Each structure stands twice: as C-alpha cells, then as structure tokens.
Amino acid sequence: MPEHKKRVALCGVILESNAFSPIATEADFREALYVTGAEMVREARQPVSILPREMAAFVQAMDATGAWQPVPLLLTGCPPWGPIEGDFFRACVADIVAGLVAAGPLDGVYIANHGAMVATDNGDPDGTLMAAIRDAVGGDVAVIATLDLHANLSQTMVGATDAIIGYQTNPHVDQVQRGEEAAMLMRRMFAGMAPAQHMIRLPLVPPSTTLLTAAGPYGELIDYGQRREREEAGEIVNVSVFGNFAFSDTAKNGLSVVVTARGDAAKAALLANEIATRAWNNRTAFTRDMTSIEAAVAIAARDDRAPVIFSDAGDNPGGGGEGRTTWLLAALAQADAKGVYFGAFFDKDLGAEAHGLGEGAEFQAVFNRTGDTEFSKRFEARATVLKLHDGNVAGRLGIYKNRQLKLGPCAALQIGGITVIVISARNQTADPVFFEMFGLDIAQAHTVCVKSRGHFRAGFAPWFAPEQVYEVDTAGLTSPILSRFNWKNLPRPVYPMDPDTKWDPPG
Ligand SMILES: [Zn+2]
C-alpha cells in the first residue's frame, strides 16, 4: 500500500491593525498580497518570494521531511494599517472554510497570521478565523499557527489551535526558523504527540521602543523562556512571549506568554506562570527615553561625529503610520542640514510628478498636496529630481531580505543638503535598498532618517552600531508615547500608563 501523504491546508490573513489608522480595504489586501491555490505553493518554493517567509519556510521544511500534500487555500495580507473591512474579513473566512470543507479529509492546517488584526466590527478577528477553522476541521486535525511577536493573544486563539508559535526577534529576522518549527511540530503531531498550551496575559502594555530583543528587558525575557524550554526539552515544545501591539487598542492587549507542552497542560501552565511573573517583576524596565526633534536637528548639524541614523518613530508604516508626516523633514530642511538621506516618504502625487518631469528637472516639490490629516501636513520646498526608479526591488537585509518589494514609481529628490526618497506604496524603510536602488551609498551619508520604528536596525546594522541610533519623538500614529492616545478598548489599569496597576499570579 502506498504511504498515506499527509494533507495540510495552508492559509493566512495577515494584518497588524492600528485602531487610529484608516480602514484596511479589500483593495489594500489585493494590491499587497492575495494568493490562492497552486500559486501559493509555487511561490513558496521560490528563492525570492512574494510570500511571508514563514509560509515559504513551512512549505520547504515539509518538502524536506517526507511526503505530504499541500492544500493551499488563501493567503492575503497588507502592510500594517487600520482595522480590516468587516465584509472583506468575513469573505476571507468563508473562502478558507469553504476550501477546508471542499478539501476532504485533512491531517493538518497551518495558519500564517500576524495576530494583531482588528476588524471594523470585531475586536478579535484572528480568534474568529482560528475558531472557524477548528469548527470546520474538527478536533483531530493538527492546527498550528505562527504569529508576529506583536500579536495580541486571546483565549479564543489559544483554544482553537494546538500550538501557537511566535517570532522571537525584533527586528523580525526569525520567520524562517518559526515556519520550520511549525512544520517540525506538525510532523511530531503526525507521529502521535498531542500538545497542550497555556496562555497568561499581563496588564502590561510596553511602549514599542522597549520591545527590541538584542538587549533590554524583552530580549532578556525571551532568552529566559528559551533557556527554560531547553531545560525542559522533554516536556516543553515551545515558549512564545508576545510583546503585544498597543495601537490595536483591544480588550486583549497586554504582554502575553504562551507555553506549549507535550501533552501535559499543567506543565504548560506552570512555566507560563513562571515567565509571566518574571516579566511582571521586571515591569519598571519597560521604559525608554526618546530624542526630541530639536535635539535631533542639533545632532544633525554637528560635523565632529560618526554618522547617525534617526528613526522617525511616530510615523512608522510598519505600525500603521501614514509614512508621510513632515515634522522631522521640515525641521531638518529649515535648519539647512547637510549630508542627510531621508527615506522614504509615501506620496503618490509627488512620485508621479517627478516621473513626469524627468531626471534633472527642478521644481517646487509639494508634499501632501492632498489629504491633509492631523499629522500629515503640507510641506513645500525647491527640489531637483536626482534619479527615478520603478520601485520593483528585492529586499537585501533584515526583515525584507529575499522579499520582492513593489514600491511604485519612486524618486530621489535633492532639497538643499537633504536627499529625500519618495515612494508610491506605503512601506517602512527597513532595508538599505530604499536608498541603494538610486545608486546611493549609505556609507556616504552623515545622517540617515528612516520612517521605521525598529526594523531598520536589522537592515542598517552594517553602518550603524546601537549608539549611532536615535529614536526621534515625532508626532504620529505610531508615537511610542502611549499617554498621547485616546484609548477606547485597552484594558485599564495597565502598566506603565497606570503606574499603580496590580497583578497577582493565578493560583
Ligand atoms: Zn511585529
């Protein structure tokens, strides 16, 4: 008799929702990532893929470990933005469920989600999707999900899955390992292992700037979890510590610990409790100072220093920022700063105009000529079109490595001593390719400014050591100063916004 090929459904609806950002529409998803059927598996097996890398890694790891039959359903996602349109979300769930039903008997389902999605009419769409999948396949099918470490966990998500595996790095550079880990865990489940997971969520919503993992309290906590996982390798199969994404503004916000044990739920609960208690006892470490715009301008003006990189932290498209606030750009232009690379400013009108004018043209560049918002104001300056690009580039370093990027018509504009990169698709500047596609050399810049809050650290590490990095306090939808936001659903009290918040370990 031929070996039964394990049949594994593949799906995902990927969004990190900032509740204060505009609604993420079906068009946003279809423009960024919307893959179904055989195309998903074909893409997953490419060396440079349009797919999130955990999905590609999962498929390749399954390929490498035995016979199986992928059952690709729907994988869609868009860059961090506001809540997903309710109708479109329901259509995605219906498509995935219909695909599961039509697929016939399955052995497993792999879900590649982000985990911090909000819908216009649902505070926990990740949970809704996972519960619908579990309902469709029943209790005997292995359901494993990978999530971004900024996910907001709910009991619904944990209850509907056999295992949830979170990224361990921020900047996120371990998607391949996590996709492989999901595949290995699924193989172990096929061999008879029945995991049990336990989640504890704390009333702790740290500022995003304190959730880096190379150093600091969050990295130490993740390392501790990994050490404990190794020490109990016979019993514990995964420890994930989710930092949460504050701007989702949901009832399920808060740093959470998910432990997956090999069948013994009590062991999972015990270790989750131990790690959560450790996090809570160290809560005062989750604070961090930022650099004011005035201080940043003064640093930019200094000649007697090594090159520096500024994070335009309040306007990170990777956290739902518009990618087009002008506070930092205007302040540097006003101060006539020299040797500055500024990228990347999201402005389709300006990108199209520069392409119409051609390289070498001089013109009055108007940023944000349409759609003024609270944070994205009009800004004008005399500019020269230095260079143009169609925006089709492959990521090179950090989170976009081996990801095909579609940035739309792009331009490098020279405004006095500032070279400003304009892009036509909203993306965070986490990779040097945003500058290099114009022939610019990062090593030639005196000051680099990026619309990215944290992921640029991986992409620009070859040029900037941690002490050459400044997080600039700019106003915007992703400001790490959480007290500036009008929260509606975030559980209160919550630390550090409410310094007297109490938490007692369960049991
Ligand atoms: Zn993230």
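Here is how the numbers come out for the structure above:
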{"item": "Count of residues meeting criterion [within 16 Å of the ligand (Cβ to nearest atom) and either of a type in the set (Gly, Ala, Ser) or in contact with an Asp or Glu (Cβ under 9 Å, 6 or more places away or on another chain) (or both)] in the range 218-251", "result": "9"}
{"item": "Residue ID - nearest to the ligand (Cβ to nearest atom), chosen from residues in the range 346-357 that are open to solvent by 10 Å² or more (accessible area, probe 1.4 Å) and of a type outside the set (D, E, K, R)", "result": "Phe346"}
{"item": "Qualifying position, being small (Gly, Ala, Ser) and within 16 Å of the ligand (Cβ to nearest atom), among Gly439, Gly454, Gly416", "result": "Gly454"}
{"item": "Test: residue in the range 485-505 that is in a loop (DSSP other than H, G, I, E, B) and within 26 Å of Arg302 (Cβ to Cβ)", "result": "no"}
{"item": "Test: residue in the range 20-35 that is over 21 Å from Asn427 (Cα atoms) and either aliphatic (A, V, I, L, M) or more than 15 Å from the chain's Cα centre (by Cα) (or both)", "result": "no"}
{"item": "Exclusive hit being over 29 Å from Asn253 (Cβ atoms) and either touching a strand residue (DSSP E or B) at 6+ places or on another chain (Cβ under 6 Å) or free of Cβ contacts under 8 Å to residues at least 40 places away in the same chain (or both), set Thr65, Thr36", "result": "Thr36"}
{"item": "Among residues of the range 141-163, those that are more than 22 Å from Phe247 (Cβ to Cβ) and either in contact with an Asp or Glu (Cβ under 9 Å, 6 or more places away or on another chain) or of a type in the set (Phe, Trp, Tyr) (or both), counted", "result": "5"}
{"item": "Filtered residues of the range 449-464 (kept if open to solvent by 30 Å² or more (accessible area, probe 1.4 Å) and not in a helix (DSSP H, G or I))", "result": "Ala461, Pro462, Trp463"}
{"item": "From the options Phe367, Phe310, Phe375, Phe342, residue that is among the hydrophobic types (A, V, I, L, M, F, W, C) and over 24 Å from the mean Cα position of the chain (by Cα)", "result": "Phe367"}
{"item": "Criterion (among the β-branched types (Val, Ile, Thr) and within 16 Å of the ligand (Cβ to nearest atom)) met by exactly one of Thr429, Thr370", "result": "Thr429"}
{"item": "Selection status of Pro195, touching a residue at least 40 places away in the same chain (Cβ under 8 Å), away from the ligand (no atom under 16 Å from the Cβ) and over 30 Å from Thr65 (Cα atoms)", "result": "no"}
{"item": "Residue check, Ala233 under 30 Å from Asp107 (Cα atoms) and assigned to a loop (DSSP other than H, G, I, E, B)", "result": "yes"}
{"item": "Matching residues, the range 71-89, being assigned to a strand (DSSP E or B), within 16 Å of the ligand (Cβ to nearest atom) and either open to solvent by 10 Å² or more (accessible area, probe 1.4 Å) or farther than 23 Å from Val158 by Cβ (or both)", "result": "Trp81"}
{"item": "All positions within the range 381-424 that are part of a strand (DSSP E or B), open to solvent by less than 10 Å² (accessible area, probe 1.4 Å) and in contact with a Pro (Cβ under 9 Å, 6 or more places away or on another chain)", "result": "Val422, Ile423"}
{"item": "Listing of strands (runs of 3 or more DSSP E) fully contained in the range 90-189 that carry 3 or more residues being more than 16 Å from the ligand (Cβ to nearest atom) and under 23 Å from the mean Cα position of the chain (by Cα)", "result": "108-112"}
{"item": "Residue count, the range 30-40 (criterion: part of a helix (DSSP H, G or I) and either closer than 20 Å to Ala394 by Cα or not assigned by TED's automatic domain parsing to the domain that holds Ala91 (or both))", "result": "5"}
{"item": "Check on Phe464, under 30 Å from Ala57 (Cβ atoms) and not assigned by TED's automatic domain parsing to the domain that holds Leu202", "result": "yes"}
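Here is a yes/no grid of residues against (1) more than 22 Å from Cys410 (Cβ to Cβ); (2) open to solvent by less than 30 Å² (accessible area, probe 1.4 Å); (3) outside the structural domain of Asp124 (by TED's automatic domain parsing):
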site: Ala430; (1), (2), (3): no, yes, yes
site: Phe434; (1), (2), (3): no, yes, yes
site: Thr447; (1), (2), (3): no, yes, yes
site: Gln468; (1), (2), (3): yes, no, yes
site: Ala475; (1), (2), (3): yes, no, yes
site: Leu490; (1), (2), (3): yes, yes, yes
site: Pro493; (1), (2), (3): yes, no, yes
site: Pro496; (1), (2), (3): yes, no, yes
site: Asp500; (1), (2), (3): yes, no, yes
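Residue by residue, here is whether (1) touching a strand residue (DSSP E or B) at 6+ places or on another chain (Cβ under 7 Å); (2) on the phi > 0 side of the Ramachandran plot; (3) not polar (S, T, N, Q) holds:
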{"residue": "Leu100", "(1), (2), (3)": "yes, no, yes"}
{"residue": "Val109", "(1), (2), (3)": "yes, no, yes"}
{"residue": "Asp121", "(1), (2), (3)": "no, no, yes"}
{"residue": "Asp124", "(1), (2), (3)": "no, no, yes"}
{"residue": "Asp135", "(1), (2), (3)": "no, no, yes"}
{"residue": "Ala145", "(1), (2), (3)": "yes, no, yes"}
{"residue": "Thr156", "(1), (2), (3)": "no, no, no"}
{"residue": "Gly159", "(1), (2), (3)": "no, no, yes"}
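The values are calculated or read from the model by the stated rules, or taken from the named source; none is laboratory data. Note that the structure is predicted; figures quoted are calculated from it, not measured. Using ideal geometry, Cβ is built from the backbone for each residue, glycine included, and neighbour counts are taken over all protein chains shown. Each accessible area value is taken on the protein alone, full model and side chains, heavy atoms only, with ligands, DNA and RNA left out. Shrake-Rupley method; radii C 1.70, N 1.55, O 1.52, S 1.80 Å.
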